[in-house]
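**Q** I have a structure I would like to understand better, so I am pasting it below and will then ask my questions one at a time.
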Amino acid sequence: LAEDALPAAALAFEKGEPGLLHEPPRPRRSTILGRPHQRLVLSISGVTTALFFGLFLFLKNIGYGIEYARTIMFVGLSMSSLLYLYSCRSLRHTVWQSNPFSNHAVNFSVLFGALLLAAAVYVPGLQRVLDTVPLGTRDWLLIAAVSILNLLLVEILKRIFVLERTKRIRLSAP
């Protein structure tokens, strides 16, 4: 709840995108998520799933116990989801085309979510309820690296989406 609800609400404080009102309207009978958006969502889901499934297999192959690997997966997917929030701020621009930290509500929600994750890993009562184990510094660095890699892959997919969308708009213009 804390990982998704607060970040989703924080996006409500995002400033509007410049030039958005200059785009042609969607057809009246179109769905909210057209085929290009559906492909983007499926692509992002597929990349994230493959990346973290690969991480899980890697951890198991190098001898990590199931409890340890499960905790890394839990924290990794959660951190990746929190970082993904920065990518969701705009479908038209990449994270680095604008100041990713300009929305203070988003920053607060990501920081709060990260603190809740740390509590899930280190507070004994939460460890028992969530079945987590304490992680070391190298584990957190691995989680950060994989989460950032996931964000970069999402941004590449988003850029491809934007280029395809721009091409479609140009082709449909009179």
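**Q** Once you have the Cα-Cα distance between PHE101 and ARG39, take 0.36 nm times their residue separation minus that, and quote the gain in nm to one decimal.
**A** 19.6 nm
**Q** To continue, here is another question. Under 27 Å between alpha carbons, and skipping anything fewer than 8 positions from LYS15 in its own chain: which lysines qualify?
**A** Result set, ordered by chain and number: LYS158, LYS167.
**Q** How much solvent-accessible surface does ILE148 expose, in Å² to the nearest 10, with a 1.4 Å probe and all protein chains in place?
**A** In the full protein context, ILE148 sits at about 90 Å².
**Q** With runs of 4+ DSSP H residues as the only contributors, calculate the mean residue ellipticity of the chain at 222 nm using -39,500 (n - 2.57) per run, divided by the residue total and rounded to the nearest 500.
**A** Only helices count here, giving -23500 deg cm²/dmol.
**Q** Write down the Kirkwood hydrodynamic radius of the range 73-116, to one decimal in angstroms, obtained as one divided by the mean of 1/r over all alpha carbon pairs. Write down the numbers at each step before the final one.
**A** On the way: mean 1/r = 0.0910 Å⁻¹.
Hydrodynamic radius (Kirkwood, Cα only) of the range 73-116 equals 11.0 Å.
**Q** To the nearest 10 Å², what's LYS60's accessible area with a 1.4 Å probe?
**A** 80 Å²
**Q** What order do LEU153, LEU85, LEU163 take when sorted by accessible area (1.4 Å probe), most exposed first?
**A** Output order, biggest surface exposure first: LEU163, LEU153, LEU85.
**Q** If you bin the C-alpha pair distances of the chain every 5 Å from 0, what whole percents do you get?
**A** 1, 7, 14, 17, 18, 15, 11, 7, 4, 3, 2, 0, 0
The values are calculated or read from the model by the stated rules, or taken from the named source; none is laboratory data. Computed from a predicted structure; not experimentally measured. Remember, those area values only see protein heavy atoms, side chains included, never the ligands or the DNA or RNA. Shrake-Rupley method; radii C 1.70, N 1.55, O 1.52, S 1.80 Å.
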